Amino acid sequence: MSKRERAGYHHGNLRHALLEAARRLIEEKGTSGFTLAEAARTAGVSAAAPYRHFKDRSDILGALAVEGFDAFADQLEAAWQDGEPEPIDAFLRVGRAYLTFAVDESAAYRAMFDTSDAAGEVAGLRRASGRAFDVLRNCVAALLERMPAKERPPVDLVAVHVWALTHGTATLFAENNPGRGRVPISGNDILESSVLVYLRGLGILPR
């Protein structure tokens, strides 16, 4: 073990260093474009060192996804602020926070929504992703309270619709997306107008 590796273990930094290396590699090559050995080289440790923390690349992607979903949920909750001072405005803040996270934390965001080989069995991943969805679900539930009870659509259905709409916008405006330069409207403007149209269609906002 190198002196650098020994220092990493002593300070408990090796796992963090590997996760940061994976972030850089995802930004350069995508979630499927690197190996665990490349992450080790980027972190400056031996090829064997990562196996003390991760069994394979899917495992490190899953760990990034857990961290990402937890930070994501925190950011959405902070934007929602219990719907104050007005739920519609707070809901639009949540949308802006979503897009900001997708851009500022692009590597984590890609790991969170990778469908090819991100590890579904990583400890905490289901909990973390569920927590993020619950934040959005709580926002939607508060908005639906503005409707008569018998006219309200299912909360989960509306939450999934809004998530899909927001995720699509975030993907369109993600870093390194060559199509982004051809879109003459900002991501925030697209998302806000789309959400308002959707809420009017449901009857939450006046037509």
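The values are calculated or read from the model by the stated rules, or taken from the named source; none is laboratory data. Note that the structure is predicted; figures quoted are calculated from it, not measured. So basically every Cβ, Gly included, is an ideal-geometry build from the backbone, and we count neighbours across all protein chains shown. Ligands, DNA and RNA are excluded from the accessible area calculation, which covers all protein heavy atoms including side chains. Shrake-Rupley method; radii C 1.70, N 1.55, O 1.52, S 1.80 Å.
Tabulated values for the structure
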| quantity | calculated |
| --- | --- |
| Residue selected from region 132-151 under the condition at pLDDT 95 or above and among the charged types (D, E, K, R), by the criterion nearest to Gly30 (Cα to Cα) | Asp134 |
| Residues within region 70-90 that are open to solvent by 10 Å² or more (accessible area, probe 1.4 Å) and part of a helix (DSSP H, G or I), tallied | 13 |
| Matching residues in region 169-198 - criterion: being modelled with pLDDT of 85 or more and surrounded by 13 or more Cβ atoms within 10 Å (Cβ to Cβ) | Thr169, Ala170, Thr171, Gly187, Asn188, Ile190, Leu191, Glu192, Ser194, Val195, Leu196, Tyr198 |
| Where a residue in region 138-167 is crowded, with 17+ Cβ neighbours inside 10 Å and its partner, wherever it lies, is aliphatic (A, V, I, L, M) and not in a helix (DSSP H, G or I), with Cβ under 8 Å and at least six apart | Leu143/Ile204; Leu144/Ile204 |
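Yes/no per residue for (1) open to solvent by less than 10 Å² (accessible area, probe 1.4 Å); (2) touching a residue at least 60 places away in the same chain (Cβ under 8 Å):
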| position | (1), (2) |
| --- | --- |
| Ala22 | yes, yes |
| Phe34 | yes, no |
| Ala37 | no, no |
| Arg41 | no, no |
| Val45 | no, no |
| Asp59 | no, yes |
| Leu64 | yes, no |
